[in-house]
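Let me begin by presenting the structure, written as structure tokens, before commenting on it.
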Amino acid sequence: MYWLSIFIVLNFVLTWFVYRHYTSRRHLLDARFIFTLIVTLPVLASLVNGMIIFFLGIPIFQTILISALLGLILGGLIGSLYNLVTFSTGAILSCYFGIMGPMISTPIVSSELCGFAAAGGTFANSLSMTLLGILAVALIAFLCRYTYKI
């Protein structure tokens, strides 16, 4: 279960690297790029964090609360690069997708809810979904950092 905590920290580190890359160049960024950045990186990282926290086995109310708060932090961090509108938009969008993370991962843990059988078992499916999510966040962080060369 420690690998799940490492993945949450990795999501924050990837988002922090993108934030640090654009902090010194924030006066060169426009609102369209910031909104694109908000809709990709912190939203996906919040979704993956919600899934990871659900896989940790924490009760559902605490899972939703923790993932929503992590989403607020991630979205607010990236949204603060431009102005208050992008800050609030990033925080709300990431909070929303942080709440969606446990909902998406529920059928993986208890497959009888949706009526399909888990093919590889609960542990294998949660591990594969977590790795896929982390790889997607890493790819988006890499693309967000290097597509807008300043």
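The values are calculated or read from the model by the stated rules, or taken from the named source; none is laboratory data. Note that this is a predicted model, so its numbers are computed, not measured. With ideal geometry, Cβ positions are generated from the backbone for all residues, glycine too; neighbour counts draw on all protein chains shown. Remember, those area values only see protein heavy atoms, side chains included, never the ligands or the DNA or RNA. Shrake-Rupley method; radii C 1.70, N 1.55, O 1.52, S 1.80 Å.
Assorted remarks:
- Filter result for Leu69 (surrounded by fewer than 24 Cβ atoms within 10 Å (Cβ to Cβ), more than 20 Å from Leu139 (Cβ to Cβ), of a type in the set (A, V, I, L, M) and modelled with pLDDT of 90 or more): yes
- Sub-9 Å Cβ pairs linking a first residue in the stretch 37-55 that is farther than 9 Å from Gly90 by Cβ to a second residue that is open to solvent by 10 Å² or more (accessible area, probe 1.4 Å) and not in a helix (DSSP H, G or I), at least 6 apart or interchain, are Phe55/Met1, ordered by first then second residue.
- All positions within the stretch 50-66 that are open to solvent by 60 Å² or more (accessible area, probe 1.4 Å) and within 15 Å of Met100 (Cα to Cα): Ile60, Phe61, Gln62, Leu65, Ile66
- Number of positions in the stretch 8-59 that are within 18 Å of the chain's Cα centre (by Cα) and part of a helix (DSSP H, G or I): 35
- Test: residue in the stretch 88-103 that is modelled with pLDDT under 90 and open to solvent by less than 30 Å² (accessible area, probe 1.4 Å): no
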